[in-house]
Amino acid sequence: MQFARVNDVTIHYQVIGGPVDKPVIVFANSLGTDFRIWRDVIVRLAGDFPIILYDKRGHGLSDIGKPPYSIEDHAADLAGLLDLLNVRNAVICGLSVGGLIAQAIYQTRPELVKALILCDTASKIGSADMWNARIAAVEEHGIASIVDAVMEKWFTPAFRSPDNIAFHGYRNMLARQPIEGYAATCASIRDADYTEAAARIVVPTLCIVGDQDGSTPPDLVRNTAELIPGARFEIVKDAGHIPCVEQPEALTDLIRDFINTTNTAGEAQ
Ligand SMILES: O=C(O)CC1=CCC(=O)O1
């Protein structure tokens with residue numbers, strides 16, 4: 001567990017070493033989560049690839065920073081962290097807002113990116129009205145007021161079973177994020193649109209979505225994949241918005257197969 005100072009923000013991150021001839025995989029997590037959501041994917045990939053995890057500003061153990069901030073600010077934090085760690089040519093795997101951050105870093109610092117894995121994300125997520133309503137709700141009534149509605153987007157009914165202890169834990173994760181960082185990140189998602197930029201992506205790209213994703217449904221993710229030249233599109237069965245939690249084995253298989261079968265091997269850094 002480590003911390004770095006990037007753009008005047010303390011960023012919580014973790015490096016897990018791996019073979020130097022393999023590309024570094026960087027995991028960027030979603031709104032209202034910290035990097036623990038990747039655990040069950042990481043345990044399957046560890047040893048086969050170098051891995052970097054981090055909490056974006058406003059989440060987990062990273063500083064909140066000074067709102068307002070944009071997706072480009074989030075991307076600058078990740079770029080700053082990769083610079084500090086001397087990482088180039090990484091595979092950036094971004095979930096939801098993490099996928100927007102991945103698209104932004106590709107546009108601003110393409111030398112950092114060897115390939116993109118865009119998981120349960122899109123070139124544009126949601127409408128301004130939807131994000132403004134969510135921001136107002138959390139600012140007026142706290143994150144607890146939206147937790148149950150968000151859980152229905154994140155997870156399938158089966159995962160939301162009262163007997164599922166993991167469901168309770170991830171519900172706690174969302175409820176305990178700082179309101180200021182959560183609301184500021186909602187605003188950054190509201191204001192981001194990478195639709196035109198998508199056509200300029202020339203690195204190998206894999207777009208993945210859970211079949212029951214209530215936030216970025218399969219058709220939305222498929223539409224984004226169709227904007228990106230040569231992008232591959234895959235659906236994970238029996239998963240909502242967070243397949244790394246609900247179906248880590250299937251997600252890991254897709255990540256591993258993508259990296260091993262596309263032009264992403266070697267030149268790790
Ligand atoms: O909270 C949600 O609705 C899911 C989500 C949207 C963007 C993100 O990162 O998570």
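For the range 116-269, the normalised intensity computed at q = 0.11, 0.12, 0.16 Å⁻¹ comes to -0.49, -0.58, -0.99 (log10 of I(q)/I(0), Debye sum over alpha carbons, equal scatterers, no solvent). When the chain is treated as a Gaussian network with alpha carbon springs shorter than 10 Å, the biggest mean-square fluctuation among ASP34, ASP211, ASP257 belongs to ASP257.
Protection proxy ranking of 112-121, 225-234, by the mean of other Cβ atoms within 10 Å over each peptide's residues and highest first, is 112-121, 225-234.
Among 212-218, 171-177, sorting by the average number of other beta carbon atoms lying within 10 angstrom of each residue, highest first, gives 212-218, 171-177.
Both radii were evaluated on the Cα set of the range 16-163; the Rg over Rh quotient, with Rh as the Kirkwood radius, amounts to 0.98. Using modelled amide H (1.01 Å from N, peptide plane; none on Pro or chain starts), what sits under 5 Å from the amide H of GLU234, excluding residues fewer than 5 places away? Amide H to amide H, under 5 Å and 5 or more residues apart or across chains, GLU234 pairs with CYS207, ILE208, VAL209. Amide H contacts under 5 Å for THR10: ASP63, restricted to partners 5 or more places along the chain or on a different chain, H placed in the peptide plane at 1.01 Å from N. Note on the chain: helix-only mean residue ellipticity at 222 nm, from DSSP H runs of 4+ residues weighted -39500 (n - 2.57) and normalised by residue number, equals -12000 deg cm²/dmol. Could you list which residues have their amide H under 5 Å from that of LYS124, counting only those 5 or more apart in sequence or on another chain, with H placed in the peptide plane? The answer is TYR194. Please go through the residue pairs LYS66/LYS153; LYS56/LYS114; LYS22/LYS114 and name each one whose alpha carbons sit more than 19 Å apart in this structure. Violating the 19 Å Cα-Cα cut-off are LYS66/LYS153; LYS56/LYS114.
Across all directions, the shadow cast by the convex hull of the chain built on its C-alpha atoms averages 12.3 square nanometres. Just to be sure I understand: with springs between alpha-carbon atoms less than 10 Å apart, which residue in ALA197, ALA90, ALA239 has the highest mean-square fluctuation in the Gaussian network model of the chain? Among ALA197, ALA90, ALA239, the largest GNM mean-square fluctuation belongs to ALA197.
No value in this document is a laboratory result; all are computed from the given coordinates. In this text the structure is predicted, and so the values were computed from the model without any measurement. In this analysis, Cβ positions are derived from the backbone assuming ideal geometry, glycine residues included, and neighbour counts consider all displayed protein chains.
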